[in-house]
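The values are calculated or read from the model by the stated rules, or taken from the named source; none is laboratory data. Predicted model only: the values in this text are computed from it and were never measured. Ideal geometry is used to build each Cβ from the backbone, glycine not excepted, and the neighbour counts take in all protein chains shown.
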Amino acid sequence: MLRSRIEALFASPPAKYESGHFALFAEFKEALNRGEIRAAEPDISAKTGWRVNAWVKQGILLGFRMGAITEVPGSPQPFFDKATYPPRAFTVDDGVRLVPGGSSVRDGCFVGRGTICMPPMFINVGAYVGENTMIDSHALVGSCAQIGRGCHVSAGAQIGGVLEPAGAMPVIVEDEVLIGGNCGVYEGTVVKRRAVLGTGTILNGSIPVYDLVRDAVYTAQGDEPLVIPEEAIVVPGSRAVRNPAGAKWGISLQAAVIVKYRDAKTEARVTLEEWLR
């Protein structure tokens, strides 16, 4: 079984990696490329709706252990990276629209049919990008991030990578989510389906999210990540510092605010994006 072999090799690294070890890693990486294994996957029994597959993240880390630095041809500048993680190869049969202009997709990630990659963008190892999603210019999909179907990761948006520790939840963006330009989603945040993040919204384990509609505050708690509810419309906000010095200087700290949930007006704006696909 692939899982048991990866776990055994991760737990007991040999003095020197042999051809059989590289064959195992190649098998593992191809399973990532096909989307047959994932760093995290839906689990209705979990509080967040997701579970981490730590062994998959261990396999990705194995690739960094095993790989030696090698030259990757480029023009005018060659690149130098781990031999185990070259750029991923696509063919027209993959159904991915990879627009010319400096984008990069690392080997060992799933990119679904109908995905549009606008230059320059980057998808890192272990990521999963669902069908018919757009990754826009200057956007990052970090290592092990999970992006659903029909999403739009807008220009300059950063979906952070969470590779270590192996048991940590990666960033999750569920189906039909719109990530606005220059947003940042980090530290294992879970954005539930059909949510919308307004331009410049930052979400991580330290920033509270104030829900004006439901009169609730969402934060990361212990091992539980920040979770953005389904269909929430989130915009950047701030919260006052109330201690004497903060009040005297008028200081505010970053926050995010849910101002409403999806409605007909939201649907009309999102539908306009279909013209880009």
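For the criterion of being surrounded by 14 or more Cβ atoms within 10 Å (Cβ to Cβ), among the basic types (Lys, Arg) and over 28 Å from residue 174 (Cβ atoms), residue 5 passes.
Okay, residues lined up against (1) touching a His at 6+ places or on another chain (Cβ under 8 Å); (2) among the small types (Gly, Ala, Ser); (3) without any contact (Cβ under 8 Å) to a residue 12 or more places away in the chain; (4) not in a strand (DSSP E or B):
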position	(1), (2), (3), (4)
74	no, yes, yes, yes
77	no, no, yes, yes
80	no, no, yes, no
84	no, no, no, yes
90	no, no, no, yes
93	no, no, yes, yes
101	no, yes, no, yes
113	no, no, no, yes
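In the condition set (1) over 22 Å from the mean Cα position of the chain (by Cα); (2) under 22 Å from residue 169 (Cβ atoms), residue 23 is compliant with all but (2). Would you confirm, using the coordinates I've provided, whether residue 68 is surrounded by fewer than 13 Cβ atoms within 10 Å (Cβ to Cβ) and at pLDDT below 95? Yes. Residue-level check: of (1) surrounded by 18 or more Cβ atoms within 10 Å (Cβ to Cβ); (2) without any contact (Cβ under 8 Å) to a residue 40 or more places away in the chain, residue 201 misses just (2).
When 160, 198, 184, 180 are checked against the criterion of being within 24 Å of residue 254 (Cα to Cα) and touching a Phe, Trp or Tyr at 6+ places or on another chain (Cβ under 8 Å), 160 stands alone in meeting it.
Return the residue satisfying two criteria in turn: it lies in the stretch 138-162 and is among the aliphatic types (A, V, I, L, M) and touching a Pro at 6+ places or on another chain (Cβ under 8 Å), and of such residues it is farthest from residue 200 (Cα to Cα). Out of the qualifying residues, it is 162. Restricting attention to the stretch 12-60 and to residues that are small (Gly, Ala, Ser) and within 21 Å of residue 125 (Cβ to Cβ), the residue that is surrounded by the fewest Cβ atoms within 10 Å (Cβ to Cβ) turns out to be 23.
Filtering the stretch 123-146 to residues that are touching a residue at least 60 places away in the same chain (Cβ under 8 Å) and over 17 Å from residue 60 (Cα atoms) leaves 132, 134.
Hey, any hits in the stretch 177-193 for a residue that's more than 30 Å from residue 10 (Cβ to Cβ), touching a residue at least 60 places away in the same chain (Cβ under 8 Å) and out of contact with any Ser or Thr (no Cβ under 7 Å at 6 or more places or on another chain)? Steps first, answer last, please.
To start, the set of residues in the stretch 177-193 that are more than 30 Å from residue 10 (Cβ to Cβ) comprises 177-184, 192-193.
Cutting the leftovers down to touching a residue at least 60 places away in the same chain (Cβ under 8 Å) gives us 178, 192.
Okay, now just the ones that are also out of contact with any Ser or Thr (no Cβ under 7 Å at 6 or more places or on another chain), so 178, 192.
Checked the stretch 177-193: at least one residue is more than 30 Å from residue 10 (Cβ to Cβ), touching a residue at least 60 places away in the same chain (Cβ under 8 Å) and out of contact with any Ser or Thr (no Cβ under 7 Å at 6 or more places or on another chain).
Of everything in the stretch 1-56 that is assigned to a helix (DSSP H, G or I) and of a type in the set (Phe, Trp, Tyr), the residue that is nearest to residue 167 (Cα to Cα) is 55. Working carefully through the options 120, 165, find the one that is assigned to a loop (DSSP other than H, G, I, E, B), in contact with a strand residue (DSSP E or B) (Cβ under 8 Å, 6 or more places away or on another chain) and without any contact (Cβ under 8 Å) to a residue 24 or more places away in the chain. That would be 120, the only listed residue that is assigned to a loop (DSSP other than H, G, I, E, B), in contact with a strand residue (DSSP E or B) (Cβ under 8 Å, 6 or more places away or on another chain) and without any contact (Cβ under 8 Å) to a residue 24 or more places away in the chain. Starting from residues that are crowded, with 24+ Cβ neighbours inside 10 Å and part of a strand (DSSP E or B), keep the ones in the stretch 153-162 and report whichever is farthest from the chain's Cα centre (by Cα). Ranking the qualifying residues of the stretch 153-162, first place goes to 153. Considered as a group, the residues in the stretch 219-234 that are of a type outside the set (S, T, N, Q) and in contact with a Leu (Cβ under 8 Å, 6 or more places away or on another chain) include one that is surrounded by the fewest Cβ atoms within 10 Å (Cβ to Cβ), and that residue is 220.
Looking at (1) assigned to a loop (DSSP other than H, G, I, E, B); (2) modelled with pLDDT under 95, which is the one condition that is false for residue 187? Answer for residue 187: the failing condition is (2).
Of everything in the stretch 205-242 that is free of Cβ contacts under 8 Å to residues at least 24 places away in the same chain, assigned to a loop (DSSP other than H, G, I, E, B) and not β-branched (Val, Ile, Thr), the residue that is farthest from residue 49 (Cα to Cα) is 242.
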